[in-house]
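Trainee: Right, I'll just put the structure down here and ask away after.
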Amino acid sequence: MNFLSLSMLGFAALMPLVVLLYLLKLRRKEQVISSTYLWKRAIEDFRVNAPFQKLRRNLLLFLQLLVLALAVFALMRPYIQGKPEDGESLFVLIDNSASMQATDVSPNRLAEAKRKAKEAVDGMNDSDNMMVIAYSSKASIVASLTRDRMRLKQAIDALEPADTRTNLREAILIAASLAAPPTAVPGADTGPDAPPVPVSPLGNQVNSKRRLVIVSDGRFTDLPDRLPKGLPVSLVTIGEKKPGNLAITALDARKSLDAVGDFQVYARVENFGKEKAEATLELYLNDKMIDAAPVELGPGKSVSRVFDKQGLKKGVLRVRLDLDDDLAVDNTAWTIIGAEQTIDLLLVSENNFFLEKALALDPRTSVSKITPEAFAKDERAHLEGALAYDFFVFDRCAPKSLPPGNYLFLAAVPPLPEVALGDEVKEPIVVDWNHTHPTTRFADFGNVSIGKSRALRVPSWAVSLLESDRGPLIAALTKENLQVGIVAFDIFASDWPIRLSFPMFISNVVEWLGGGGSQITSATRSPGDVVTIYPDRGMEQVTVTDPSGRKQEFKVGQDKSIGYAATERVGLYSVLCTGKKEAKAELRFAVNLLNAEESNIVPRENVKFGSEAVVTSAAVALTNQELWRWFAIGAFAVLLLEWIVYHRRVGM
């Protein structure tokens with residue numbers, strides 16, 4: 001027998017209090033009498049009320065203690081595990097996230113979870129049915145509600161691990177909606193003001209007895225606030241209690257602004273095991289080891305290592321822990337460093353100290369400056385010589401025409417249809433910004449204050465980069481042979497130049513407009529993320545190859561961006577953009593786990609949805625049959641008996 005609310009055992013402390021009440025002495029008044037012959041019964045009663053004498057053969061005390069004991073047992077919610085006799089609908093949620101690849105259970109946790117799920121299939125009655133839902137960062141139904149044991153086993157066997165985090169909430173919502181009662185509850189309020197009654201879309205396929213079972217190591221954080229109403233939930237825990245795992249939980253490579261080719265590579269390693277661990281942290285460039293450092297960590301500790309490297313060229317940096325532990329997927333991480341090339345740009349501006357300094361921060365840039373007046377005198381010659389520059393920057397001015405090329409406009413707009421600056425807007429408030437576009441990644445605009453701007457009107461296919469309560473403030477336009485960035489306000493009418501987001505934005509713009517065409521939102525992503533690819537002008541098709549070699553092709557649409565979501569495995573992904581006249585561009589991005597919650601593979605046995613505890617079960621096939629009602633009925637029956645005994649004594 002097990003208990004769901006073991007903390008209720010504290011009410012057993014009331015039992016000594018009941019006994020204490022029986023030990024209290026009665027207060028009597030002394031009276032002198034002539035003889036004790038007629039007072040023998042009173043003397044006997046006095047002796048019975050002496051300490052401990054009153055406890056002898058006291059039926060009322062025994063009955064009251066029994067009532068209290070049964071009530072405490074009922075509050076503790078005792079249950080036994082067994083197979084229900086009637087037909088049952090079982091909704092099995094199998095965790096196939098990164099932590100389920102741990103090998104502390106042979107051959108790994110996912111294989112053990114699949115074995116237990118198939119045991120449940122073998123234990124099904126003829127009237128039972130089952131649905132299997134797999135979940136990692138996303139949840140999906142791998143076997144619909146069925147009695148077909150062969151089909152269920154095939155679906156379970158086909159489950160593959162994903163290198164992603166765990167999103168249990170989505171799986172719970174799917175299962176709870178499908179496991180709703182097959183029909184509306186009889187007698188429920190069905191009036192016009194009555195709340196909607198959830199009814200399963202599966203109809204009569206769902207049995208009246210329904211149960212949800214989570215098969216996992218418990219390494220999830222995004223939990224619902226409460227258990228689904230009327231749906232018993234249990235957790236089958238997978239994994240040993242003392243696994244060992246050392247993990248890379250952070251990786252970054254930053255360019256030095258002092259010299260081209262100089263990088264600082266930062267990595268953090270954490271020990272999630274119960275014992276001290278040692279390993280070697282190795283740094284590779286294009287599969288060639290270029291550095292290494294020993295790491296030694298106690299249980300629950302972390303350590304950081306910084307590699308200062310000079311003269312690095314374009315390639316893939318890989319950091320690897322040289323050890324064999326219970327989870328291999330977090331022992332390696334990758335990041336991409338780009339080729340160092342000169343970026344030539346023409347700045348058309350009267351005098352903008354902040355903009356010039358921000359453009360000069362990147363050691364690759366070669367800035368040529370000209371005043372708007374000088375540019376206007378020979379505009380045609382400057383624009384026709386566009387091939388000499390990677391892109392143009394127009395500060396508070398604009399050309400009369402716009403040939404194909406790359407452009408950034410500040411407090412001005414390009415001469416394009418559907419693009420214009422409207423009336424002046426006072427103190428627009430920044431409400432949101434695009435977190436995935438190449439120009440705004442890593443930038444935080446939340447602390448930017450703008451005194452005034454102009455209402456920006458752009459076509460529907462433009463990408464809004466910075467939104468205010470009065471409309472877009474920064475936008476990007478990408479068409480064939482044309483890439484344009486627009487800032488609608490004068491930076492001197494704001495505090496943006498003194499905010500970190502300004503040089504970050506300008507640096508991203510330099511990379512976007514002058515860094516070689518096709519771009520990816522970030523060279524390093526997490527498993528399960530959607531990676532946005534922006535093909536260069538003239539590109540018609542994008543082919544993405546994942547770490548296993550599987551290819552997926554996309555046609556470039558009008559919005560000139562591709563969303564790639566099949567990032568469930570860690571490793572290197574290659575992107576090939578192709579277009580007319582054999583034009584092509586090759587890109588790469590890395591997917592790394594870098595998730596402390598998934599790397600902490602110690603199984604969690606006690607899980608709560610809000611304040612409600614989830615029952616831990618040893619097997620999927622068993623269901624929890626609660627016994628508290630029988631204990632409550634027994635307590636009431638004994639209480640009734642105690643009342644009868646008491647009144648018989650009083651009446652004597």
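Trainee: Any residue in segment 501-512 that's closer than 12 Å to Thr365 by Cα: show its pairings with residues that are open to solvent by 10 Å² or more (accessible area, probe 1.4 Å) and hydroxyl-bearing (Ser, Thr, Tyr) at Cβ separation under 7 Å, as long as the two are six or more apart or on different chains.
Mentor: Cβ pairs passing all conditions: Val510/Thr365.
Trainee: How many of the residues in segment 317-368 are part of a strand (DSSP E or B) and not basic (Lys, Arg)?
Mentor: Looking only at that region, the number is 19.
Trainee: Just checking, how many residues over segment 438-457 are assigned to a loop (DSSP other than H, G, I, E, B) and open to solvent by 40 Å² or more (accessible area, probe 1.4 Å)?
Mentor: Matching residues across segment 438-457 total 6.
Trainee: What pairs can you find where one residue is in segment 232-244 and acidic (Asp, Glu), the other is in a loop (DSSP other than H, G, I, E, B), and their Cβ atoms are less than 6 Å apart, with a gap of 6+ or different chains?
Mentor: What qualifies is Glu240/Asp104.
So that you can scan it fast, the table gives a plain yes or no per residue for (1) of a type outside the set (Gly, Ala, Ser); (2) open to solvent by 30 Å² or more (accessible area, probe 1.4 Å); (3) out of contact with any strand residue (DSSP E or B) (no Cβ under 6 Å at 6 or more places or on another chain); (4) at pLDDT 85 or above:
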| residue | (1), (2), (3), (4) |
| --- | --- |
| Phe502 | yes, no, yes, yes |
| Ala523 | no, yes, no, no |
| Asp529 | yes, yes, yes, yes |
| Ser548 | no, yes, yes, yes |
| Lys560 | yes, yes, no, no |
| Tyr564 | yes, no, no, yes |
| Thr567 | yes, no, no, yes |
| Val575 | yes, no, no, yes |
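Trainee: Kindly list the number of the only condition in (1) β-branched (Val, Ile, Thr); (2) open to solvent by 10 Å² or more (accessible area, probe 1.4 Å); (3) at pLDDT 85 or above; (4) within 30 Å of Ser366 (Cα to Cα) that fails for Ile429.
Mentor: (4)
Trainee: Still on this structure, I have one more. Among (1) of a type in the set (A, V, I, L, M); (2) modelled with pLDDT under 90; (3) closer than 28 Å to Tyr573 by Cβ, there is one condition Ala279 misses while meeting the rest; what is its number?
Mentor: Result: Ala279 fails condition (2) only.
Trainee: I'm checking my understanding of the structure. Among residues of segment 233-276 that are at pLDDT below 90 and of a type in the set (Asp, Glu), which one is surrounded by the most Cβ atoms within 10 Å (Cβ to Cβ)?
Mentor: Taking the candidates together, the pick is Asp262.
Trainee: Considering only residues that are in contact with a Ser or Thr (Cβ under 8 Å, 6 or more places away or on another chain) and assigned to a strand (DSSP E or B), which ones fall in segment 395-435?
Mentor: Residues satisfying the conditions are Asp395, Glu424, Val425, Val430, Val431, Trp433.
Trainee: Quick one: in segment 93-105, which of the residues that are part of a strand (DSSP E or B) and touching a Lys or Arg at 6+ places or on another chain (Cβ under 9 Å) is farthest from Lys138 (Cα to Cα)?
Mentor: Checking each candidate, the answer is Ile94.
Trainee: Next question. State all residues of segment 394-423 that are open to solvent by 30 Å² or more (accessible area, probe 1.4 Å), of a type in the set (D, E, K, R) and under 23 Å from Ser501 (Cβ atoms); if no residue qualifies, say none.
Mentor: Arg396
Trainee: Also: Among the residues of segment 352-367, which ones are modelled with pLDDT under 90 and either under 21 Å from Phe492 (Cβ atoms) or aromatic (Phe, Trp, Tyr) (or both)?
Mentor: In the first step, residues of segment 352-367 are kept if they are modelled with pLDDT under 90; the result is 360-366.
Result: Ala360, Leu361.
The values are calculated or read from the model by the stated rules, or taken from the named source; none is laboratory data. Note that the structure is predicted; figures quoted are calculated from it, not measured. Quick reminder, even Gly has a Cβ in these numbers, built from the backbone with ideal geometry, and neighbours come from all protein chains shown. Areas reflect the complete protein model, heavy atoms only, side chains present, ligands, DNA and RNA absent. Shrake-Rupley method; radii C 1.70, N 1.55, O 1.52, S 1.80 Å.
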